[in-house]
Amino acid sequence: MKQIAPSLLSADFGHLADDVEMLNQSEADYLHIDVMDGHFVPNFSYGFPVIKAIRKAARKPLDIHLMINRPDDYIPRFCEEAGARIVTVHYEACTHLHRTLQLIAHYGVLKGVALNPHTPVSLLEEILPEADMVLLMSVNPGFGGQKFIGSVLQKIEKLKNEITRRGLSTMIEVDGGVGLGNCADLWKAGADILVCGNSVFASENPQETIRLLKA
Ligand code: DX5
Ligand code: ZN
């Protein structure tokens, strides 16, 4: 199923509740929340007070993307206080990824594993059955509004084939530089969820853009 997760990183932080309400009334399936720690990625975004405010205003489930080192230290709070439906951690940030996913599952939250553009999908061989979702980064994480890295298309196809071959139901999410110009190729390659920041919020009619992205 084609699902869209607009990234609040591109929202107007001065009027965050208005943007969340706009998404409530759109065909968006999730609100994508990018959390950055200034270590794993060279940028900061927002933390618990802001995410709790988003949660209060949101009538769509939260898809929380942790671009942070030592995610285990904060997973309980992202699951409970922030009320995530999906929590995604980076393969590159987790020494004990299996344990980290078990921790997310302990809270009854869907477990996502994210791969940076340079990380091959073949590294997921053993962990794939443990993940509810794999997030493929199609930009180097840390900033919205970057250019899509085309080679991720082959990664989506490879991963989709592997998921099908093994009879798994793992979802594939693609994040970074996604918009109306490439969404058709991404759906065709096997994406289930597309994260869209700049392409939605910088468009003239974000709700219509979301509808067109899914069409
Ligand atoms: C980048 C974040 C993305 C970002 C996407 O590090 O993970 O979710 O907000 O923004 P766009 O769609 O503008 O590339
Ligand atoms: Zn993201």
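Of note:
- Per residue accessible area in Å² of region 154-215, where ligands, DNA and RNA are left out and the probe is 1.4 Å: 47 Å²
- Amide H contacts of HIS90 (H built 1.01 Å from N, under 5 Å, at least 5 apart or other chain): ILE68, ALA114
- For region 64-147: rounded, prolate or oblate by the Cα gyration tensor [a/c cutoff 1.5]: oblate
- Pairs of Cα atoms nearer than 8 Å and 6+ residues apart set the relative contact order; for region 1-110 it is 23 percent.
- Protein accessible area in region 1-145, 1.4 Å probe - carbon and sulfur %: 50 percent
- Sequence ranges 113-119, 87-93, 129-135, ranked by mean other-Cβ count within 10 angstrom, highest first: 87-93, 129-135, 113-119
- Sequence-distant residues sharing a close amide H with CYS196 (under 5 Å, placed H): ALA5, SER7
- Straight-distance crosslink candidates among aspartates and glutamates, where the alpha carbon sits under 15 Å from LYS155 and sequence neighbours closer than 8 are dropped: GLU125, GLU173, ASP175, ASP185, ASP192
- Structure note, pairs LYS60/LYS111; LYS60/LYS214; LYS2/LYS52: Cα-Cα distances above 21 angstrom occur for LYS2/LYS52.
- For region 129-174: rounded, prolate or oblate by the Cα gyration tensor [a/c cutoff 1.5]: oblate
- For the peptides 164-173, 100-109, 2-11, residues were scored by their other Cβ atoms within 10 Å and the scores averaged per peptide; the highest-first order is 2-11, 100-109, 164-173.
- R0 of 22 Å, Cβ-Cβ distance ALA53-ASP73: FRET efficiency to nearest 0.05: 0.50
- Considering helices alone, the calculated mean residue ellipticity of the chain at 222 nm is -9000 deg cm²/dmol, with DSSP H runs of length four and up weighted by -39500 (n - 2.57) and normalised per residue.
- With 0.36 nm allotted per residue and the present C-alpha distance subtracted, the GLU21-LYS2 stretch has 4.7 nm of extension available.
- Simple point charges give the picture: +1 on the Cβ of Lys and Arg, -1 on the Cβ of Asp and Glu, and for region 99-210 a dipole about the Cα centre of about 240 debye.
The values are calculated or read from the model by the stated rules, or taken from the named source; none is laboratory data. On a predicted model such as this, the values are computed, not experimentally measured, just so you know. Counting neighbours? That spans all protein chains shown, and the Cβs are built from the backbone with ideal geometry, glycine included. When the accessible area is computed, the model is the full protein with side chains, heavy atoms only, and any ligands, DNA or RNA have been set aside. Shrake-Rupley method; radii C 1.70, N 1.55, O 1.52, S 1.80 Å.
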